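Participant: My questions will all concern the structure given below.
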């Protein structure tokens with residue numbers, strides 16, 4: 001008997017989205033309060049949009065090892081997004097594929113269009129350092145599901161941050177050209193950092209300590225902060241393109257299966 | 001009749017078919033109540049795409065052994081750690097050319113310190129046994145593996161990273 005006779009062929013896996021079982025299936029937890037759901041949506045959207053930007057790097061990385069690393073980071077973040085979006089109780093696929101860009105709650109740092117590899121490194125360093133500080137503090141959150149997601153996420157995002165930090169140092173303290181590109185990426189992304197601090201003031205001290213440590217080793221200076229903190233819900237225009245691409249199959253073929 | 005637990009313990013990992021879910025510590029518990037079987041599994045990484053295949057495999061294997069309609073449930077806490085990989089699992093990993101993990105770092109309450117250098121763990125080459133190996137990339141073929149190379153025999157190999 002073929003174990004998969006009636007499953008992978010007849011289970012109605014979606015042509016888009018996961019088509020999988022709810023990632024929180026079988027977890028005993030009360031429904032999320034509106035506040036908890038909104039918070040999980042924000043953290044989930046950060047992970048979903050950042051994962052999408054990293055997925056856009058597939059086949060474009062400078063080395064095979066980095067291709068694999070970036071895909072792994074994107075997969076980890078997609079996994080976190082699935083759990084967090086599911087925790088809202090609104091259905092992960094509906095949230096990922098059924099909302100307009102304006103309805104996303106991601107921070108602008110995750111939304112910015114990709115640039116060169118230095119841009120990827122700086123963005124991932126800032127994003128992962130911030131997210132690790134947040135998740136570290138959520139490990140004892142009163143909601144057992146969010147606490148469990150955070151405890152798993154800490155292990156993953158620590159790898160993401162260290163990967164980005166390693167490259168930041170290698171490129172910042174590398175050639176004149178790699179240093180110049182790192183400085184340009186810092187200048188481009190630094191104005192989005194105030195969003196992070198306004199959103200999670202409690203993560204700021206750890207963020208600043210770690211980023212200052214990495215930049216010093218990378219022989220890079222932090223740019224003077226000039227950015228205005230934008231609240232969640234205020235987006236960069238390029239988010240619309242990213243969301244349109246992510247949702248193109250779902251929009252063209254609603255409910256399609258394969 | 002074989003117990004439901006014994007059946008569930010024969011189900012292998014979709015990515016590492018040399019190992020069972022029990023070897024990996026992914027199979028957390030099996031309960032049987034009046035013919036109804038409940039199985040608890042935990043993901044290695046949150047993005048692990050193999051969870052649904054594991055669920056299908058468990059349901060089908062149990063059904064074939066006379067336990068139809070098993071309920072497979074996910075448990076997230078405590079988070080999976082490589083310390084749960086059994087001794088048998090470690091032997092099977094090494095036999096498959098994959099270096100088993102060393103002891104996992106203990107989770108600390110405060111900020112996670114930066115780890116910038118190559119991983120400190122002394123990892124033995126699963127091909128020739130040499131301890132003279134180096135890390136090529138912390139990310140490998142699956143979420144749970146890093147890529148290393150043996151300086152003695154020159155072979156690259158996967159290493160299950162300690163988490």
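Participant: Taking the condition over 20 Å from the mean Cα position of the chain (by Cα) and either touching a residue at least 12 places away in the same chain (Cβ under 8 Å) or assigned by TED's automatic domain parsing to the domain that holds residue B:90 (or both), does residue B:158 pass?
Facilitator: Against the criterion (over 20 Å from the mean Cα position of the chain (by Cα) and either touching a residue at least 12 places away in the same chain (Cβ under 8 Å) or assigned by TED's automatic domain parsing to the domain that holds residue B:90 (or both)), residue B:158 does not qualify.
Participant: Among the numbered conditions (1) more than 30 Å from residue B:149 (Cβ to Cβ); (2) touching a residue at least 40 places away in the same chain (Cβ under 8 Å); (3) surrounded by fewer than 19 Cβ atoms within 10 Å (Cβ to Cβ), tell me where residue A:86 comes up short.
Facilitator: (3)
Participant: Here is a follow-up. What are the residues in segment A:221-231 that are farther than 14 Å from residue A:193 by Cβ and in contact with a helix residue (DSSP H, G or I) (Cβ under 6 Å, 6 or more places away or on another chain), if any?
Facilitator: Of everything in segment A:221-231, nothing turns out to be farther than 14 Å from residue A:193 by Cβ and in contact with a helix residue (DSSP H, G or I) (Cβ under 6 Å, 6 or more places away or on another chain).
Participant: Further question: Hey, which of the strands (runs of 3 or more DSSP E) in segment B:71-163, taking only ones fully inside, have at least 1 residues that are touching a strand residue (DSSP E or B) at 6+ places or on another chain (Cβ under 8 Å), under 17 Å from residue A:159 (Cβ atoms) and more than 8 Å from chain A (Cβ to nearest Cβ)?
Facilitator: Output list reads B:133-137, B:145-150, B:156-160.
Participant: Does residue B:5 count as touching a strand residue (DSSP E or B) at 6+ places or on another chain (Cβ under 6 Å) and assigned to a helix (DSSP H, G or I)?
Facilitator: Spelling it out, residue B:5 is indeed touching a strand residue (DSSP E or B) at 6+ places or on another chain (Cβ under 6 Å) and assigned to a helix (DSSP H, G or I).
Participant: Would you point out which residue out of A:186, A:109, A:138, A:132 is more than 30 Å from residue A:86 (Cβ to Cβ) and in contact with a helix residue (DSSP H, G or I) (Cβ under 6 Å, 6 or more places away or on another chain)?
Facilitator: A:186
Participant: Quick one: which residue in A:158, A:151, A:69 is at the interface with chain B (Cβ under 7 Å from one of its Cβ atoms) and in contact with a strand residue (DSSP E or B) (Cβ under 8 Å, 6 or more places away or on another chain)?
Facilitator: Of the residues listed, the single one that is at the interface with chain B (Cβ under 7 Å from one of its Cβ atoms) and in contact with a strand residue (DSSP E or B) (Cβ under 8 Å, 6 or more places away or on another chain) is A:69.
Participant: It is to be established whether one or more residues within segment A:198-206 are within 13 Å of another protein chain (Cβ to nearest Cβ), touching a helix residue (DSSP H, G or I) at 6+ places or on another chain (Cβ under 8 Å), under 22 Å from residue A:73 (Cβ atoms) and touching a residue at least 12 places away in the same chain (Cβ under 8 Å).
Facilitator: Within segment A:198-206, one or more residues are within 13 Å of another protein chain (Cβ to nearest Cβ), touching a helix residue (DSSP H, G or I) at 6+ places or on another chain (Cβ under 8 Å), under 22 Å from residue A:73 (Cβ atoms) and touching a residue at least 12 places away in the same chain (Cβ under 8 Å).
Participant: For residue B:17, indicate whether it is part of a loop (DSSP other than H, G, I, E, B), surrounded by fewer than 22 Cβ atoms within 10 Å (Cβ to Cβ) and more than 11 Å from chain A (Cβ to nearest Cβ).
Facilitator: Judged against the criteria, residue B:17 is a match.
Participant: Another question, then. Can you find a residue that is surrounded by 13 or more Cβ atoms within 10 Å (Cβ to Cβ), under 19 Å from residue A:149 (Cα atoms), free of Cβ contacts under 8 Å to residues at least 12 places away in the same chain and in contact with a helix residue (DSSP H, G or I) (Cβ under 6 Å, 6 or more places away or on another chain) anywhere in segment B:100-115?
Facilitator: yes
The rows are residues; the columns are (1) surrounded by 20 or more Cβ atoms within 10 Å (Cβ to Cβ); (2) part of a helix (DSSP H, G or I).
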site: A:23; (1), (2): yes, no
site: A:30; (1), (2): no, no
site: A:38; (1), (2): no, yes
site: A:50; (1), (2): yes, yes
site: A:59; (1), (2): no, no
site: A:66; (1), (2): no, yes
site: A:77; (1), (2): yes, yes
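Participant: Something else: Any chance you could count how many residues in segment A:181-228 are more than 17 Å from residue A:167 (Cα to Cα) and either under 18 Å from the mean Cα position of the chain (by Cα) or surrounded by 15 or more Cβ atoms within 10 Å (Cβ to Cβ) (or both)?
Facilitator: Result for segment A:181-228: 18.
Participant: Same structure, new question: So for segment A:127-142 (the condition being in a helix (DSSP H, G or I), within 16 Å of the chain's Cα centre (by Cα), buried (at least 22 other Cβ atoms within 10 Å of the Cβ) and away from chain B (no Cβ under 14 Å)), does at least one residue qualify?
Facilitator: Checking segment A:127-142: at least one residue is in a helix (DSSP H, G or I), within 16 Å of the chain's Cα centre (by Cα), buried (at least 22 other Cβ atoms within 10 Å of the Cβ) and away from chain B (no Cβ under 14 Å).
The values are calculated or read from the model by the stated rules, or taken from the named source; none is laboratory data. All of these numbers come straight from a predicted model, not from anything done at the bench. Note that we place each Cβ from the backbone using ideal geometry, even for glycine, and neighbour counts take in every protein chain shown.
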